[in-house]
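Below: the structure, in structure tokens.
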Ligand SMILES: [Ca+2]
Ligand SMILES: [Ca+2]
């Protein structure tokens, strides 16, 4: 199934093409200082009756970055019982932003920092997305706290080639610590042997 995305200044909907690591990227420029709220609407893990939902989506996560991919905001779940995501951010007039929607448990990982339990040597997406058996569609709305012409979607895409692919390889300092630990164990073995002699 090919991925699709359809955005307006009111919001976006589509699907990730059955790839839980795909990213929905929406670039926009703020034309005034305004507060923007983005809220997903597709998740419904408890349709009534069960199994009746044909448009409910997976567990979505929203991210907001500046033009240099510095993370400005992130939300996974609105509450323990509502797995939709919602972020609110005060936009600066003239600034460019990138909004990203992912499936849980995708993570944006900065090199050399603990990212969901793993330290990566490069900055990029961890590619741990999972639909958890739920449906592929996503949907979210934009709610700028000003008239719509103060907010413009400049590009939209579903990305399946990631900025930097992660391989789960520990960074050099972690590796050095492991090697140091190994050397210590070897020394202990040697010391025990020496005492026995
Ligand atoms: Ca969520
Ligand atoms: Ca979640």
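The values are calculated or read from the model by the stated rules, or taken from the named source; none is laboratory data. Owing to the predicted nature of the structure, the values given are computational and were not obtained by experimental measurement. Backbone-built Cβ (ideal geometry, glycine too); neighbour counts: all protein chains shown.
At a glance:
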{"quantity": "Options 65, 58: the member that is away from ligand 1 (no atom under 14 Å from the Cβ), out of contact with any helix residue (DSSP H, G or I) (no Cβ under 8 Å at 6 or more places or on another chain) and either assigned by TED's automatic domain parsing to the domain that holds residue 101 or under 29 Å from residue 113 (Cβ atoms) (or both)", "calculated": "65"}
{"quantity": "The listed residue being within 18 Å of the chain's Cα centre (by Cα), more than 16 Å from ligand 2 (Cβ to nearest atom), surrounded by fewer than 14 Cβ atoms within 10 Å (Cβ to Cβ) and more than 23 Å from residue 31 (Cβ to Cβ), out of 127, 114", "calculated": "114"}
